[in-house]
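The values are calculated or read from the model by the stated rules, or taken from the named source; none is laboratory data. In this text the structure is predicted, and so the values were computed from the model without any measurement. Cβ sites come from the backbone with ideal geometry, for glycine too, and all protein chains shown count toward neighbours. Ligands, DNA and RNA are stripped out before the accessible areas are found, and what is left, the full protein with its side chains, is counted by its heavy atoms. Shrake-Rupley method; radii C 1.70, N 1.55, O 1.52, S 1.80 Å.
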Amino acid sequence: MIANPFPGADKQSWIQLFSEALAEATGLPLEITDAIAPYIVRPKDYLTRVGGSYKLKPSAITQDPGTKLRILNVMAHGFAGTPGEYNERIRGAFHSPVRPNPDPTRMLPRLATGTDTFGQPMPFLATSEPVAANTLSSLIGVMEQALSDADGARGYKLRDDIRVYGQNETTLHVPLLRTIEENHNGTSKVRRVLDQPAIKGANRSRARLGLFGLSAKEIVFGVERTKLDLPPNQEYPAHIADPAVWVPAFADTMRAAWGDERHPQHQIARDAEKIATIQLQIIVGTANPDEFHNVVFDPNRADHRRPPLGYSLTEKAASDLRAVLRDAKANGWIDETERAWLAGEGIDPYRIDGEDLVTTRDRRDRALFTAVFPEDYDRAMAVRRVLGEPKRSYTNKDHVSHRLRMVSSVIGEGYRYRWNPRVLDGMLSSTFIKTHNHLDLPEWRDALEAGLADNGVLEDFLTTRGIHWLAEHKIIDADRGSIGAQAGGHDNDPEDQGETTADRKIRRSTISARKAMLLQPERTVALMRELADAANEGLAPRTIGTDNKPIDGTTATKHWFDTEFPKVTQRRKPTKGRDSETDPTTPTTPDPTPRSSSSRPGTTSTPTRPTTCPPPSSTW
């Protein structure tokens, strides 16, 4: 007979002892540890009695040598942990605060390091301010859809795989104390609930919850009372979010349902039997508490810079740049407010009242290029270290292209349309990093004015801003190359970033577009100014006539641009050949070669019969 794999809830006394020991070992408030403890299976196994009280065993918490994060390693109920909306893989599904007119229901709240009652940093996450219940519900919905879309890259259903084989890879989680602004009978009230979003293993956590018939939204807004076997003779609300109440009840429900075919949760318990209990890791400390909200995502960012699945190019590149910015903040080169602004997580700290949109985003664009291609030697060396690049003398075009994609992907968060970050491929020399070059980037108005007389200034402007301005309106896009342009079957490619098959049939690199624009500097400057005006007014840009003036009633399109700024075809000029220095004299035919003589000169040679080989000797 197969034993029931579900352990059920542990004794409340051991749950409390574990919570208190964890709080003492980590400094976490009891509000956090009391919400973690109910998920732990056999908490007694992680305790040891010292001097009349229980302490957490030293082996329960380990330190990651790379990130210096302290990690609690436990056996937990299979429904512990949720997917997280702050996952690098799905950042593009949300709106950045630097985006023009962002949708609040798609804008992630700013994260902060949690604090104790004295304001000291603690190893848990919190949001910088309470989040409206409807907004949070919308954000969780966006996360669910984004993870569903991203999970398609596996080629199989993860939930079915875990149901059959269980979970072999441990997921990593972090405590997040959510503060939710809710309306209670006409009165606004902030409710606090602990969530444990995944730093690594968001899709596995989501699949686990699904097998238990739960969702991330229920963990935050309450599990249905009908799913729980609760003690009788007590009144309970329709939804219960307090983990101290619902987690033990649900653990007992699964244990009871597994062996009872008449139980309404029987099939769910059978589906989840392979993950009745799981190995779980929870981050409970760091060497740098002030930076907890940044360093806690290091394992996730490392995974997505070296992804095991088909992560989109935009998200991979953006992940690298956010790592560079976090490192710059840790070294004191920028502060937290500037880091959040550049990373697309916070508003512009330098914005002036009444400043137009283009000027605001231009400041961020220039700052991002400076962060990726710094002039300062120490910062340049730090960028190479974070990105895992070789010595400067060994860098090549691949490293330059990767940095350009990094900056292009994060800049795109501040525009209405996120283009393919390949638009900047080849726009800087392959030796740009090797020779320690940097970009001199004046403010956009000054750059365009100077560009009328100096093609070098105009070229730098087009490289760092003009190409993006055109890409925002889909006037240009990344060259897909001969394979991408000709082959079919790429419509599901996550790196297409919205391109269609028809788009890929037109092969034109942004290098070609820049070259064509430099041949018409006055018209190009007029086009850039029109793009700026259109962005500020939220309108489509007009075409520019040959008189360098906008034409009312028209819209600048890709077709118009390709027609008015045609590709420059460079053909090799035929070279005049020179006469060869070899001797052209026609050779004469010599007389036939005479037969060789076997005697002295003057004697006649007569043919002789060939000599036969003597018979072999019969003796050695």
### Summary
Note to self: C-alpha centroids of the stretch 411-444 and the stretch 327-364 sit apart, in Å, by 18 Å
### Task
Would you list the P(r) distribution for the chain, with all Cα-Cα distances sorted into 20 Å bins from 0 and each bin expressed as a whole %?
16, 41, 24, 9, 6, 4, 1, 0
### Task
Only Lys, Arg, Asp and Glu count, each charged at its Cβ (+1, +1, -1, -1), so figure out the dipole size of the stretch 63-179 about its Cα centre, rounded to 20 debye.
80 debye
#### Entry: Farthest toward positive dipole pole in the stretch 93-209 [+1 Lys/Arg, -1 Asp/Glu at C-beta], among V193, G141, L172
L172
### Query
How far apart, in nm, are the 7 Å Cα→Cβ label points at S580 and T555?
6.3 nm
### Query
Using a 1.4 angstrom probe and counting only protein chains, how large is the accessible area of S53 in Å², to 10?
50 Å²
### Query
lysines near K391 by alpha-carbon distance under 27 Å, same-chain residues fewer than 8 away left out - which ones?
K68, K316, K329, K434
### Query
Can you list residues whose amide H is under 5 Å from A198's amide H, if they're 5+ apart or on another chain and H is modeled 1.01 Å from N?
T82, G84
### Task
Rank these by accessible area, largest first, 1.4 Å probe: K329, K44, K515.
K44, K515, K329
### Query
How would T569, T113 line up by accessible area, probe 1.4 Å, largest first?
T569, T113
### Query
Any idea what angle helix 521-537 forms with the longest principal axis of the chain, computed on alpha-carbon atoms, 0 to 90 degrees, nearest 10?
10 degrees
### Query
Tell me, what HN-Hα J-couplings in whole Hz come from the Karplus equation 6.51 cos²θ - 1.76 cosθ + 1.60 at θ = phi - 60° for each residue of the stretch 198-213, using x for Gly and Pro?
7, 8, 10, x, 4, 5, 5, 5, 5, 5, 4, 4, x, 5, 8, x
### Value of [θ]222 nm, deg cm²/dmol, for the chain, DSSP H segments ≥ 4, -39500 (n - 2.57) each, nearest 500
-11000 deg cm²/dmol
## Note on the structure
Filtered hits (aspartates and glutamates, Cα-Cα < 19 Å from K57, offset >= 8 within chain) -> D10, E20, E24, D34, D45
### Query
If you take every DSSP beta bridge whose two residues both sit in the chain, what share of them, in percent to the nearest 5, is antiparallel?
80 percent
### Message
Can you give me the long-range amide H partners of A132? Hydrogens built in the peptide plane at 1.01 Å from N, cutoff under 5 Å, separation of 5 or more residues or another chain.
### Response
E181
### Task
Using θ = phi - 60° and the Karplus relation 6.51 cos²θ - 1.76 cosθ + 1.60, list the HN-Hα couplings for the stretch 57-68 in order, rounded to whole Hz, with x at every Gly or Pro.
4, x, 6, 6, 10, 10, 10, 6, x, x, 8, 6
### Task
Rank-order 331-338, 208-215 by packing density, defined as the average count of other C-beta atoms within 10 Å over each peptide's residues, highest first.
208-215, 331-338
### Message
Amide H of G114 versus every other amide H placed in the peptide plane: which residues, excluding those fewer than 5 positions away on the same chain, fall under 5 Å?
### Response
M122, F124, L125, A126
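Note the full-extension length gain between R445 and D533 as 0.36 nm times their separation in residues minus their Cα-Cα distance, in nm to one decimal.
Result for the pair: 30.5 nm of gain on full extension.
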### Simple label model, 7 Å out from Cα along Cβ direction - L452 to V190, nm
5.4 nm
### Query
Quick one: how many Å² of E345 are accessible to a 1.4 Å probe, rounded to 10?
40 Å²
### Task
Compute the long axis of helix 397-411 from its Cα atoms, compare it with the longest principal axis of the Cα atoms of the chain, and write down the angle in degrees, 0 to 90, nearest 10.
40 degrees
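What does the charge count near D356 come to, summing +1 for each Lys or Arg and -1 for each Asp or Glu among other residues with Cβ under 10 Å from its Cβ?
Here the count lands on -3.
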### Task
Calculate one ³J(HN,Hα) per residue across the stretch 40-48 by plugging θ = phi - 60° into the Karplus curve 6.51 cos²θ - 1.76 cosθ + 1.60, and present them in order as whole Hz with x for glycine and proline.
7, 8, 6, x, 4, 5, 9, 10, 9
### Message
What does the net charge come to around N73 if you take all other residues with beta carbon closer than 13 Å to its beta carbon, with K and R at +1 and D and E at -1?
### Response
0
### Task
Work out Dmax and Rg for the stretch 349-436 from the C-alpha atoms and quote the Rg first, both in angstrom.
14.4, 46
